[in-house]
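J.: Before we start, here is the structure in question, set down as structure tokens.
The values are calculated or read from the model by the stated rules, or taken from the named source; none is laboratory data. Just so it is clear, the structure is predicted and the values come from calculations on it, not from any experiment. Every residue, glycine as well, gets a Cβ built from its backbone with ideal geometry; the counts of neighbours run over all protein chains shown. SASA here: full protein model, heavy atoms, side chains in, ligands and nucleic acids out. Shrake-Rupley method; radii C 1.70, N 1.55, O 1.52, S 1.80 Å.
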Amino acid sequence: MGSKRDLSELLADVALFSRCTTRQRRAIARHAQIAELPAGVELIVEGEPGDALFVILDGRAIITKDSVEVNRVGPGASFGELAILDGEPRSATVLSETDVKVAVIGIRMFRTLLREYSDLAEQLLIAMAGELREARKVPAPSAGT
């Protein structure tokens, strides 16, 4: 994962950016900052204001809500987008479980990208709607119900 081109290709596998065009992903990759952090670092903290979204490029993280583990995620996982979209406090804490490499897109840059690429917002909304539908799926009812 040495170049921004590599990052733009990885973004194709990130649900949030999966609907974006190659051109849009390249623009996102160009404006992302890459950070390498040790295990045990809080990437985002529940209740704090959101100023960036993150994509895990390498390593694993633990997501907790109200101090209870709710998920473990690895490369390709993104988080933090809700807080930079709606301005609400972070809804969970994300702690690096291992050393991690993350792509970080700050709120100002994210908003600039949305202005520069008029169809980017639509692609992100479609991807987020897909994730929301997936999260809301309930087991299929048994026959006859």
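J.: Quick one: would you say residue 28 is touching a residue at least 40 places away in the same chain (Cβ under 8 Å) and in contact with a helix residue (DSSP H, G or I) (Cβ under 8 Å, 6 or more places away or on another chain)?
T.: yes
J.: Given the condition open to solvent by 40 Å² or more (accessible area, probe 1.4 Å), in contact with a Ser or Thr (Cβ under 6 Å, 6 or more places away or on another chain) and among the small types (Gly, Ala, Ser), answer yes or no: does some residue in segment 60-67 qualify?
T.: No, segment 60-67 contains no residue that is open to solvent by 40 Å² or more (accessible area, probe 1.4 Å), in contact with a Ser or Thr (Cβ under 6 Å, 6 or more places away or on another chain) and among the small types (Gly, Ala, Ser).
J.: Let me ask something additional. Go over the candidates 98, 145 one by one and state the one that is modelled with pLDDT of 85 or more, open to solvent by 30 Å² or more (accessible area, probe 1.4 Å) and over 18 Å from residue 9 (Cα atoms).
T.: The match here is 98.
J.: Does any residue in segment 37-53 that is touching a residue at least 60 places away in the same chain (Cβ under 8 Å) come within less than 6 Å, Cβ to Cβ, of a residue that is of a type outside the set (A, V, I, L, M, F, W, C) and open to solvent by 70 Å² or more (accessible area, probe 1.4 Å) six or more places away or on a different chain, and which pairs are these?
T.: From residues that are touching a residue at least 60 places away in the same chain (Cβ under 8 Å), the pairs are 38/99; 39/99.
J.: Could you tell me which residue of segment 32-59 is farthest from residue 80 (Cα to Cα), considering only residues that are touching a helix residue (DSSP H, G or I) at 6+ places or on another chain (Cβ under 6 Å) and crowded, with 16+ Cβ neighbours inside 10 Å?
T.: 50
J.: Given 56, 34, 62, which one is farther than 25 Å from residue 134 by Cβ, among the aliphatic types (A, V, I, L, M) and either in contact (Cβ under 8 Å) with a residue 12 or more places away in the chain or assigned to a loop (DSSP other than H, G, I, E, B) (or both)?
T.: 34
J.: Counting only residues that are within 18 Å of residue 12 (Cα to Cα) and open to solvent by 60 Å² or more (accessible area, probe 1.4 Å), how many does segment 101-125 have? Break it down into steps so the answer makes sense when it comes.
T.: As a first pass, look at segment 101-125 and keep what is within 18 Å of residue 12 (Cα to Cα): 101-105, 110, 113-114, 117, 119-125.
This time we only want the ones that are open to solvent by 60 Å² or more (accessible area, probe 1.4 Å), so: 119, 122, 125.
The qualifying residues number 3.
J.: Here is a follow-up. Mind listing just one residue for me: the one in segment 14-31 that is open to solvent by less than 30 Å² (accessible area, probe 1.4 Å) and small (Gly, Ala, Ser) and, of those, nearest to residue 90 (Cα to Cα)?
T.: 29
J.: Checking residue 77 against (1) exposed (fewer than 14 other Cβ atoms within 10 Å of the Cβ); (2) among the small types (Gly, Ala, Ser); (3) closer than 23 Å to residue 124 by Cα, which single condition isn't satisfied?
T.: (1)
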